[in-house]
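The values are calculated or read from the model by the stated rules, or taken from the named source; none is laboratory data. Every value quoted in this text rests on a predicted model; they were computed, and no experiment measured them. Note that we place each Cβ from the backbone using ideal geometry, even for glycine, and neighbour counts take in every protein chain shown. SASA here: full protein model, heavy atoms, side chains in, ligands and nucleic acids out. Shrake-Rupley method; radii C 1.70, N 1.55, O 1.52, S 1.80 Å.
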Amino acid sequence: MEWFEEVKAKQKRKNKVLFSKESSCLQELSWLLTRQNRRVVVLWGMELASQGVQVLTNRYPEDLRPEQMIELCSMWSEGKIKMPQAKQAILQVHAMAKELNSPEEIALCHAAAQGCSVIHTPGHALGYPIYELTALVHRYGIEHCIQPVEKRCEEYVQRLLFWEQQEPTLQRVWASFLR
């Protein structure tokens, strides 16, 4: 549980991001991500991003930027639009974070944007968990975050393994750079 000590120390220093690629709770996921093909990582990242967007949409139904990001990034992954349009939508969700006051919601904006960014490069894959786990600590508080964080880390791994099994059978159109 060394990740917890790291998070406590970062929170004490008032860091905005409480996890990193080196966080012990993300090591299994990190290892698995390096062994996936790019399409699996995209499917996984987009699923996670959609979950984060759903939370943001429920809290800010009038703000269409998160849903537009998901729609445009899905189109990008299918080759229907080019990267600049999708990138702009991702940047708009990062900008949304600057307009919010809640550390949890700020982290969720960044998480969702990172989830969509895996289309560009799998190097963004750990961005979603890093930010979403930070949001969980803000939601539950440092005293009550251990179980939700560890449960969510397990879910990341399970969903990645799910997409690893599903991807070969999907009848999906992919952009040429993802084929």
Could you list all residues from region 51-66 that are without any contact (Cβ under 8 Å) to a residue 60 or more places away in the chain and either out of contact with any Leu (no Cβ under 9 Å at 6 or more places or on another chain) or over 15 Å from Ala86 (Cβ atoms) (or both)?
Gln51, Gln54, Val55, Leu56, Thr57, Asn58, Arg59, Tyr60, Pro61, Glu62, Asp63, Leu64
Residues that are open to solvent by less than 50 Å² (accessible area, probe 1.4 Å) and acidic (Asp, Glu), drawn from region 44-71:
Glu47, Asp63
Going by the structure shown, is Ile146 hydrophobic (A, V, I, L, M, F, W, C) and over 27 Å from Ser24 (Cβ atoms)?
no
May I ask you to list the residues in region 7-43 that are closer than 12 Å to Thr134 by Cα, in a helix (DSSP H, G or I) and either of a type in the set (D, E, K, R) or open to solvent by less than 50 Å² (accessible area, probe 1.4 Å) (or both)?
Val7, Lys8, Lys10
Restricting attention to region 72-88, which residues are open to solvent by 10 Å² or more (accessible area, probe 1.4 Å), touching a Phe, Trp or Tyr at 6+ places or on another chain (Cβ under 9 Å) and part of a helix (DSSP H, G or I)?
Met83, Gln85, Lys87
Taking the residues in region 127-178 that are among the basic types (Lys, Arg) and in contact (Cβ under 8 Å) with a residue 24 or more places away in the chain as candidates, determine which candidate is farthest from Gln114 (Cα to Cα).
Arg172
What are the pairs with Cβ atoms under 6 angstrom where one residue, in region 93-112, is farther than 13 Å from Thr134 by Cα and open to solvent by 30 Å² or more (accessible area, probe 1.4 Å) and the other, located anywhere, is modelled with pLDDT of 95 or more and among the aliphatic types (A, V, I, L, M)? Sequence gap at least six, or different chains.
His94/Ala113
